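Colleague: Before anything else, here's the structure in question.
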Amino acid sequence: MVEISPAPRRMLRRSEAARYVENRWGYPLSPRTLAKLACVGGGPTFRRATRFPLYEVKDLDAWVRAKLTRPVRSTSEYPEVAPK
């Protein structure tokens, strides 16, 4: 019996990843920002295929979620929930 593996998830190139984050989350992000974060740290997890960084959607979603604060009802609540 031949076992069929599921189709691999499509990975996004840097410009597609930035566009995905903006469209899905409304979080402004440019490919240049992703490039900088890939060098200095703090960005989403990525892999490389030759010289091209590739991002998985699940990693982009997790990165944005980690940047979000808890829901607040007014700006006066914000200082206590600001990410550190």
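Nothing in this text is a laboratory measurement; each read-out follows from the coordinates by a stated rule. Only a predicted model underlies this, so the values are computations on that prediction, with no experimental measurement involved.
Colleague: Note the full-extension length gain between residue 9 and residue 58 as 0.36 nm times their separation in residues minus their Cα-Cα distance, in nm to one decimal. If you can, show how the numbers build up before the last one.
Modeller: Working: separation 49, 0.36 × 49 = 17.64 nm, distance 1.00 nm.
Computed gain between residue 9 and residue 58 is 16.6 nm.
Colleague: I've got another one for you. If you stretched the chain out fully between residue 24 and residue 39, how much longer would it get, using 0.36 nm times the residue separation minus the C-alpha to C-alpha distance? Walk me through the intermediate numbers first.
Modeller: Working: separation 15, 0.36 × 15 = 5.40 nm, distance 2.44 nm.
Length difference between fully extended and current span is 3.0 nm.
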